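One structure is given below, encoded as structure tokens.
Just so it is clear, none of the values below were taken in a lab; they were calculated from the coordinates. Keep in mind it's a predicted model, so treat the numbers as computed, not measured. When we count neighbours, we look across all protein chains shown, and the Cβ atoms used for this are built from the backbone with ideal geometry, even at glycine.
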Amino acid sequence: MSETSTTTRSRQQVGPVRVRDATKPGARQLVRFAFYRVMPEWRRLDPEEKARQRRELAAVLVDHTAKMLVRTYTLVGTRGDVDFMIWAVSEEAERLQGLFADLNRTALAGYLTCPHSYTSMTKRSIYVDVDHPNSGAGGRDRLVLAPGSRRFLFVYPFIKNRAWWALPAEERQRMMEEHIRVGHEFPSVKINTTYSFGLDDQEFVVAFETDSAADFLDCVQVLRDTEASSYTARDVPSFTCIRTETKEMLESLG
């Protein structure tokens, strides 16, 4: 897609404005993206001890997977400051707390740091009227995350600047309809949007699922040209996560 055609489209009227009521009741999920790094000292341990610690931590994750949604990803080879990520989702805060408390009790946890962690929640979008196949929600209108089995997960927090929130709701809706329409031009990229207002430092956490890193790169580049993108204050750090089963994820640590 050329820059000229994208710029031309961004100046077009995107149709009638539809402002949604995001305050409707419904069961909502708490979400945590926890990024961990293993200390170099751990890799110097006896191989049998490392294997024992991997098994112990894996057993904790398997146990909690029966109670809530838990996904594991490796970042070995994609970032230098983290090695793996745990994506945990539950409607009950106590279950999230229980998972990470049990992880803290493992021997391997003594060799882990958590350089990045994001807490958020699902919420009905005020900008989207009808669910799209690329949205990360099912029939409950974005209140329930439904991760697929795609190879990559791209995660980043972001914040809109104050000028964005000072705009009339109708103006924000108009710009977001363009932004959403552009995103739908990349059907291989599925978005999961979660909200952090008051829960964490950022306002949103987005997680994009795809089998093609190239498609995601192209999608983000084109979205930079939309009008709404100019109101983004911060959207880093960005994480390239590769879906792995727990055993393989732990083995990648060394």
From fewest to most C-beta neighbours within 10 Å, the residues THR193, THR113 line up as THR113, THR193
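Can you pull the Kirkwood radius for the range 33-117, inverse mean 1/r over Cα pairs, to one decimal in Å? Show your work: numbers first, answer last.
On the way: mean 1/r = 0.0746 Å⁻¹.
Computed over Cα pairs of the range 33-117, the Kirkwood hydrodynamic radius comes out at 13.4 Å.
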Filtered hits (lysines, Cα-Cα < 29 Å from LYS190, offset >= 8 within chain) -> LYS24, LYS67, LYS123, LYS160, LYS247
